[in-house]
Amino acid sequence: MQESLSAEYEFLRHTEDAGELSARCHTPLPDASDAAAFSRATALLEAVAGNMHTPEADRVFLAETMPYPNILVKLSTDPAVSVREAVAANTSSKDWLVGRLTKDDEESVRAKALMNPVTTWRMRMEGAEDPRTEVRVLQYLAGLGAEEGSKAPRVLAAMVRRAVAENPQTDEQTLRALAEDAVPDVAHAAAAALDRRV
């Protein structure tokens, strides 16, 4: 007879058997057409994801490969930066979860979240304004919607580029590129920022 879900969940949440936990991370999930078995398996993986005896490499693996919100939410608060980075970079993560990680204490986690295509424009805007945002992320944000044939919403992308132009951390090369932007507001903001640095 199969052990009850709650008993197995509690076992996996508290066991210190790293081998068992690691094996669970790499056990293929049942076919989604078997809804009951699939739901049970993903619930148990949530317990594995939240157990700190699960090896960090396996928690990173789950964070990189899982599309299931219950598992990713658990991993998004993991104490290991590498695990949170993997959730932040996972394009199957929900936009609200990636958005939460754009506020993480660790710069590397915020960077992965801001560069994730599922991040909302509001979060990109906040990242573009944040003086803690590192240069490579600002360079990425400065290119959004600027390329020919971009499907990015023009107004929102231009607002993000303008915010990058006004961010004191933006490097001179990026400002020079933004000073040539096709949107006058962006170009003027970048030119003004360059003038202030003379």
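The values are calculated or read from the model by the stated rules, or taken from the named source; none is laboratory data. No experiment lies behind these values; they were computed from the predicted model shown. Cβ atoms come from the backbone with ideal geometry, glycine included; neighbour counts cover every protein chain shown. Surface areas here come from the heavy atoms of the whole protein model, side chains and all, with no ligands, DNA or RNA. Shrake-Rupley method; radii C 1.70, N 1.55, O 1.52, S 1.80 Å.
Would you mind stating whether residue 103 is buried (at least 17 other Cβ atoms within 10 Å of the Cβ) and out of contact with any Leu (no Cβ under 7 Å at 6 or more places or on another chain)?
no
Tally time: how many residues in the range 29-52 are outside any helix (DSSP H, G or I), open to solvent by 30 Å² or more (accessible area, probe 1.4 Å) and in contact with a helix residue (DSSP H, G or I) (Cβ under 9 Å, 6 or more places away or on another chain)?
Going through the range 29-52 one residue at a time, the tally reaches 6.
The conditions are (1) at pLDDT below 95; (2) open to solvent by less than 60 Å² (accessible area, probe 1.4 Å), and residue 111 fails exactly one of them. Which is it?
Only one criterion in (1) at pLDDT below 95; (2) open to solvent by less than 60 Å² (accessible area, probe 1.4 Å) is unmet by residue 111, namely (1).
Report the residue count in the range 147-198 for those that are crowded, with 20+ Cβ neighbours inside 10 Å, among the charged types (D, E, K, R) and in a helix (DSSP H, G or I).
Matching residues across the range 147-198 total 2.
Failed condition for residue 64, given (1) surrounded by 22 or more Cβ atoms within 10 Å (Cβ to Cβ); (2) closer than 28 Å to residue 39 by Cα; (3) charged (D, E, K, R), with all others met?
(1)
Kindly provide the set of residues from the range 6-25 that are exposed (fewer than 14 other Cβ atoms within 10 Å of the Cβ) and closer than 21 Å to residue 69 by Cβ, ordered by number.
Scanning the range 6-25 gives a single hit, 6.
Could you please find all residues in the range 151-198 being closer than 29 Å to residue 118 by Cβ, at pLDDT 95 or above and of a type in the set (Lys, Arg)?
Correct list: 161, 162.
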